[in-house]
């Protein structure tokens, strides 16, 4: 009788190590990406809104209830804020919208005055950022 050798069993590779590595890398990515945007000014309470708003708040101009202006956690004047804007925000071909984050107790007259000054500076697109209502 002829004796045949049995085929060798191939070792199965463990795929859980690769999966753990991928999940770990994704965790690191989201931890870093979540800390890039500076936090909002805690003294500003956004206006409630019933529709969803996905506006990015980085660089938004905050209007506190006392009428002072803040950007990225620093008190600014409107002139210095407009001077510090990127050139692409001022172009009329592809403007980046300027975002205003008013406090819910801010004077509407002050907010409208800020908007009018921004329009006079040549900014075409202005967005008022609100908070989605939890109702």
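Every number in this text was worked out from the coordinates using simple rules, so none of it is lab data. Remember, predicted model here, so these are calculated numbers, not experimental data. A quick note on method: Cβ atoms are made from the backbone with ideal geometry, for glycine too, and the neighbour counts reach across all protein chains shown.
Spin-label pair residue 29-residue 4: with each label point 7 Å from Cα along the Cα-Cβ axis, the two points sit 4.8 nm from one another. Fully extending the segment from residue 125 to residue 66, taken as 0.36 nm per residue of separation minus the present Cα-Cα distance, adds 18.7 nm. A straight chain from residue 14 to residue 78 at 0.36 nm per residue would run longer than the Cα-Cα distance by 17.1 nm.
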